[in-house]
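A short worksheet on the structure shown next.
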Amino acid sequence: MKVSIWFIASLGAVFLLGFFVLGSALFRLQCVDTGEFRADLQQQATRRIRVPGLRGRILDRNGEVLATCRPSHCIQCNVEEFQKRGAASNTVAAVEDAVVRLADAIGLKYPAELTRKRIERHIRQASAMPIVLWEDLDDATFARFAERSDEFPGFEDFTQAKRVYPHGQLAAHILGFTGRGRPDDADSAHFFEPDMRGRSGVESYYNRFLVGVTGERRVQVDARGFRPTKQREAMMEADLNSNLAPSAGLDLRLTIDANVQAVLESQLADVTGAGVVMDPRDGAVIALASAPAFNPNDCVPRISSETYATLTNAPAKRLQNRAISESYAPGSTFKPITAIASLACGWLPDDEYDCKGVYVLGNLRLHCWDRWGHGPISLRTALQKSCNTFFCNLGTAIGTNAVISAAREFGLGARTGIDLGGETAGVVPDNEWKRATYNERWYPGDTCQMSIGQGMLLVTPLQMAVVASALANGGKIFTPYLFARAEGQPRPEPVRTVQYPPDAIELVREGMRDVAERGTGRRILTRWEEPEDGAARRRRFNLKVTCAGKTGTAEIGAGATRRKNTWVIAFAPYENPTVAIAMIVERGESGGSTVAPRVHAVLAHMFGEVETSSSRTSGTALERAD
Amino acid sequence: MNAMLSKLRRMDWIMFACMIALIVIGVVFINSAGSVRPVEALRNLWRVHANTAAVGLVVYMAFAFLDYRKLIDWAALPVFAVSCVMLVAVLFVGTNRFGGRRWLWFFQPSEVAKLAVILFAVHVFAAAGRSGFRWFLAGVAIMGGPALLVLAEPDLGTAIVLVPSVLVILLAARVWTKGIVIMLAAIMIVAGTFLWTVDHAERQTDPDRREQIYKYVPLRSHQIQRLRVFLFPDADRSGAGYSIRQVRISIGSGGKWGKGLKKGEQKLLGYLPPAVSMNDFIFAVLAEEWGFMGVLSMLALFLGILVPGLRIAAQCNDDRGRLVVIGILTLVFCHTYVNVAMSVGLVPITGIPLPFISAGRTFLIVLMAALGIVQSVAVHRDGPEPEDGDTAT
């Protein structure tokens, strides 16, 4: 015997040793390190998709819904169900064919943007994601699809949130609108579902409150990056139960009162202009409107380039929020500031100036609106009658710097800091500014112009609302805001109180009451109703509360382009003001005739009006003048 | 009839049962691996495996009842000659599949050659006095000739398992122990040099220098790549190292108890390369779905063939019997070991099937024939020499 038993035994030992080595290697892989391999498997076979949370609503101060989301029916194509062997173009063609057939069957147009190239790119880059084919289907179409969906495997319906603004145009410039965007943490995942992202207005400013917390959906993908087909999925047991549900965004309650907003907008409906209604006690914006406006529902889910072009076309520039991003010469509404500055500089309430109808300074001749002049006139009366020569003289008397610093003190020339984007600062001109801008020195005439709110001075309607509320509340400058504080939270403190003596402000307030009661702005307080039969006396309605105001008519341009921007600032009730308002109408007649009735309408809505019997005819001349 | 019954009684039934169990496992996992394939023929491959096993069973019984001594004395030379002719023929008229010319009509001559070479080696070296340097050279020629032909297909795996089976026979027959030890040492040195060279080349930062080194290595580029992947499994996860990484993830993620039959995610999601999951990497499917316990059971079943096999060899009083059993068991062991070891990353990847389990008709029939011969040794170990005629009881 050549082959010994020992050889056989040692061969057996080799076999056993070999199996022992294999067993230990397998023990290491499957028992010791199994967690690592499971993690590797998870990592390579899992795609994380960021899922946006439901966007929060926007409410007015009374809980009226201004912006919300509604479900919209969509149809998607699960590309993995159309995988074909061989070249990728086979799969692309299969998807395209199937979509064409489905479109025919349910009477929809083939989505134009779904080119072969796009399908191919989708399959290459995002094969784990479905292709969204149609969005926001009407119920009838959707029902047709639901009925026949069995015939079209690979297509699925799903519901998407769509932004909707129930009041249409109302408060459009405050709300803004949303577009499509990436969720904030989209980069931490493989894919994301598009989220709504505020593009303007508070939708944009408070986007981070409104967007929810994005969740994460995990899908399993095969080696080619596709989700398992329905058939394959049925063969698999474990699901990835580690999805993170998204949570909805916060509801945003605004200080806006939808009713006041509606009245304000209706008063601006036929003109180009803007208006701001503010609470002078804390700066809360009750209404803010810009006309002409737009319907934000036309701008979601994303604004098309045609819509965008239409809405930004001059001169209407519907997307522009004139209340904060357009600046105008304030005209006579600036006079209260000049007046306060002069009183602080030592001008006495009883000091008089003789208005002769024209103010001459060097070769500058500045006409008062009353050609024949107001005669000797004190400050309070000059405010009431809005005498230009008086204030030109006043400005010259107290000096350029006093006027400029008063304008700045009241917040002009700087952004108010409202919680909206796109605010402009306006211009409070001074020597350096003029040099830098026009390369000219400051002339005394510039001081005159500025004292009556003309020339280079530019303000936004919102700034004038802040001025009105400062005059209302005795000199406190507030930051206007739209985001309503929670109940029980203290009202915001003023940014500062203007550095002028209280009695100076009080005198000007009185002058402004005169304006509203019997001066250029008497239509703020009073509304005359034309009699129907023509014979009877005109009926007269007063606000139920006292009020004060100032009109303004700023002339701009010369010759053919000469036009008037007409203003009113006002506040009410006089004794304890709760409302301050500023309104501008471009190309108006005069502040007293064009804007004051509109302001009256807003105040009448808020405070009510009452018919009064006292018969006083309105002076036509006074009405048209400032 | 009586003779038949007594032969049946002398068969090793544990070994038989383990073989059947492994074939059943094979059918189950070929079915499992095929179930994710879109091609109908591949989904039904398990039926082919089962049918082949049925044919194989007839072959098995035939070889078990046929006296192995007759087989070795009379048939070994013609079988060896025919299979060498076929190995040559396949290089010219064979069907090219999976990157190699390995098929002659419906079967792979290289698989037949495995058994033919063993039988012929036993035929040559069982006789007395066949030792010394010359006979050693003859032994090298017996295994080297077919091995080179197989390598030319190319089929490195078969060439690799041919060598140890014959070497064990040479060693057991004490042909020239010194030479075999030297040869083993030489093989190890060559293999070590290859590994060291690849390792050295891969550590070069200059790619030109790397290319220069590889120019002197007498290996094909895909073989170099396999060595590279073996040495640096994590270096090229999405390229050359993809398969082995996915195989390891499949095995590792199976855990202790596995994910359940047909529920392997790696397989279902197509990460485990589907082209090889039914043949060379079917072990990964088994390990993923049945886990460590399943794997241990499988290894136990293989031991259930190897250990009774060795006992049959030990109980046999005839060198031919001992040698043929040792050669066949070594063949089975090498296949199993290399297949599992490459799956877990202990050896570089070589295309080599897992006995009884991997899909492959020729190999299954050859294996069953081989185990039939082992049974024949068990059945005929005490019987008289066949020269006495076929009347023995």
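No value in this document is a laboratory result; all are computed from the given coordinates. None of these values were measured; they are calculated from a predicted model. Note: ideal-geometry Cβ built from the backbone for every residue, glycine included; neighbour counts use all protein chains shown.
Give a quick list of GluC sites (Glu not before Pro) in region A:491-566 that DSSP marks as loop, anything other than H, G, I, E or B, with at most 13 other Cβ atoms within 10 Å. Working shown, then result.
On the way: sites: A:GLU506, A:GLU510, A:GLU517, A:GLU529, A:GLU532, A:GLU555; in loops: A:GLU532.
Answer by residue number: A:GLU532.
Show that you can apply the helix-only estimate: for the protein assembly as shown, add -39,500 (n - 2.57) for every DSSP H stretch of four or more residues, divide by all residues, and state [θ] at 222 nm to the nearest 500.
-15000 deg cm²/dmol
For a test of understanding, tell me how many lysine pairs in region A:47-253 have Cα atoms under 23 Å apart, given they are 8 or more places apart or on different chains. Before the final figure, lay out the partial values.
Details: A:LYS84/A:LYS117; A:LYS84/A:LYS230; A:LYS109/A:LYS117; A:LYS109/A:LYS162.
Pairs that pass both the separation and distance tests number 4.
Please give the residues of region B:344-383, grouped as numeric ranges, whose backbone N is less than 20 Å from a label point set 7 Å along the Cα-to-Cβ vector of A:SER24.
Output list for this probe position: B:344-348.
In terms of modelled amide H atoms, which long-range or inter-chain residues lie less than 5 Å from the amide H of A:TYR328?
A:VAL459, A:THR460
Return the sequence-ordered ³J(HN,Hα) values of region A:333-342 in whole Hz as given by the Karplus equation 6.51 cos²θ - 1.76 cosθ + 1.60 applied to θ = phi - 60°, using x for Gly and Pro.
Values per residue, Gly and Pro as x: 5, 7, 4, x, 5, 4, 4, 4, 4, 5 Hz.
Short version: what are the Cα gyration tensor semi-axes of region B:157-296, square root of 5 times each eigenvalue, largest first, in whole Å?
Equivalent ellipsoid of region B:157-296: 33, 26, 11 Å, largest first.
Please compute the average number of Cβ atoms from other chains found within 10 Å of each residue's Cβ in peptide A:39-45.
6
Long-range amide H contacts for A:VAL221: which residues qualify at under 5 Å (H placed 1.01 Å from N, peptide plane, sequence gap of 5 or more or a different chain)?
For A:VAL221, the qualifying residues are A:THR46, A:ARG47.
List the lysines whose Cα sits under 28 Å from the Cα of B:LYS7, skipping any in the same chain fewer than 8 residues away.
Filter leaves A:LYS2, B:LYS70, B:LYS114.
Tell me, rounded to the nearest percent, the portion of alpha carbon pairs in chain B spaced more than 30 Å apart.
Percentage above 30 Å: 43.
Take the alpha carbon gyration tensor of region A:288-441, find the square roots of its eigenvalues, order them as a ≥ b ≥ c, and report rounded if a/c is under 1.5; if not, report prolate when a/b exceeds b/c, else oblate.
Prolate is the answer for region A:288-441, as a/c is 1.5 or above and a/b outweighs b/c.
Using θ = phi - 60° and the Karplus curve 6.51 cos²θ - 1.76 cosθ + 1.60, what whole-Hz ³J(HN,Hα) does each residue of region B:178-188 get, with Gly and Pro shown as x?
4, x, 5, 4, 4, 5, 4, 4, 5, 4, 5
Stokes-Einstein D for region B:3-108 at 37 °C, 0.692 mPa s, Kirkwood Rh over Cα pairs, in µm²/s? Mind showing how you got there, number by number?
On the way: Rh = 16.9 Å.
Stokes-Einstein gives a translational diffusion coefficient of 194 µm²/s.
Rounding to the nearest 20 debye, state how big the charge dipole of the protein assembly as shown is about its Cα centre with +1 on each Lys and Arg Cβ and -1 on each Asp and Glu Cβ. Provide the component values of the computation, followed by the final result.
Numbers: 110 positive and 97 negative charges, 443 e Å.
The dipole magnitude comes to about 2120 debye.
Quick check: pseudo-label points 7 Å beyond the Cα along Cα→Cβ at A:ASP104 and B:ALA54, how many nm apart are they?
4.7 nm
Evaluated at 4 °C with a viscosity of 1.567 mPa s, what Stokes-Einstein diffusion coefficient in µm²/s does chain A have when Rh comes from the Kirkwood expression over alpha-carbon pairs?
45 µm²/s
Note down the nm distance, to one decimal, between modelled labels 7 Å out along Cα→Cβ at B:ALA141 and at A:SER4.
It is 3.0 nm.
Largest first and to the nearest Å, give the Cα extent of region A:429-502 along each principal axis.
Rounded to whole Å, the extents work out to 54, 28, 18 Å.
Could you list log10 I(q)/I(0) for region A:16-95 at q = 0.16, 0.19, 0.23 Å⁻¹, which the Debye formula gives when each Cα is one point scatterer?
So the normalised log intensities are -0.90, -0.97, -1.10.
What does the extension gain come out to for A:SER304 and A:ASN243, with contour length at 0.36 nm per residue minus their alpha carbon separation? Intermediate results must be reported in sequence, preceding the final value.
Values: separation 61, 0.36 × 61 = 21.96 nm, distance 3.42 nm.
The span from A:SER304 to A:ASN243 would gain 18.5 nm if fully extended.
Can you divide the C-alpha Rg of region B:229-319 by 2.2 N^0.38 Å and report the result to two decimal places?
Working: Rg = 17.1 Å, N = 91, 2.2 N^0.38 = 12.2 Å.
That works out to 1.40 for region B:229-319.
What FRET efficiency do you get for B:ASP199 and A:VAL213 if R0 is 60 Å and r is their Cβ-Cβ distance, rounded to the nearest 0.05? Mind showing how you got there, number by number?
On the way: r = 51 Å, r/R0 = 0.85.
With a Förster radius of 60 Å, E is 0.75.
As a footprinting exposure proxy, order A:THR546, A:THR612, A:THR526 by other Cβ within 10 Å, with the fewest listed first.
A:THR612, A:THR546, A:THR526
Please list, in order along region A:283-296, the HN-Hα scalar couplings obtained from phi with the Karplus expression 6.51 cos²θ - 1.76 cosθ + 1.60 (θ = phi - 60°), rounded to whole Hz, x for Gly and Pro.
Using θ = phi - 60°, the values come out as x, 5, 8, 8, 7, 8, 9, 10, 10, x, 10, 9, 9, x Hz.
Under 27 Å Cα to Cα from B:LYS256, which lysines show up? Leave out anything in the same chain fewer than 8 places away.
Reachable lysines: B:LYS267.
Only counting other Cβ atoms within 10 Å, I'd like B:ASP319, A:ASP270, A:ASP257 sorted with the fewest neighbours first.
Lowest to highest Cβ neighbour count: A:ASP270, B:ASP319, A:ASP257.
Could you pull out every residue, at least 5 positions away or on a different chain, whose amide H is within less than 5 Å of the one on A:ARG496? Hs are placed 1.01 Å off N in the peptide plane, and Pro or chain starts have none.
Correct list: A:ILE477.
Tell me the label-point distance for the pair A:LYS230, B:ALA17, using the 7 Å Cα-to-Cβ offset, in nm and rounded to one decimal.
Between A:LYS230 and B:ALA17, the simple spin-label model gives 4.7 nm.
Where does each of A:TYR359, A:TYR308 land when they are ranked from fewest to most other beta-carbon atoms within 10 angstrom?
The fewest-first ordering by Cβ neighbours comes to A:TYR308, A:TYR359.
What lysines could a cross-link reach from A:LYS434, if we take a straight Cα to Cα line under 24 Å and drop same-chain neighbours fewer than 8 places away?
Correct list for A:LYS434: A:LYS335, A:LYS564.
Given a Förster distance of 22 angstrom, what is the FRET efficiency for B:LYS256 paired with B:ALA300, based on the Cβ-Cβ distance and rounded to 0.05?
For B:LYS256 and B:ALA300, the calculated efficiency is 0.85.
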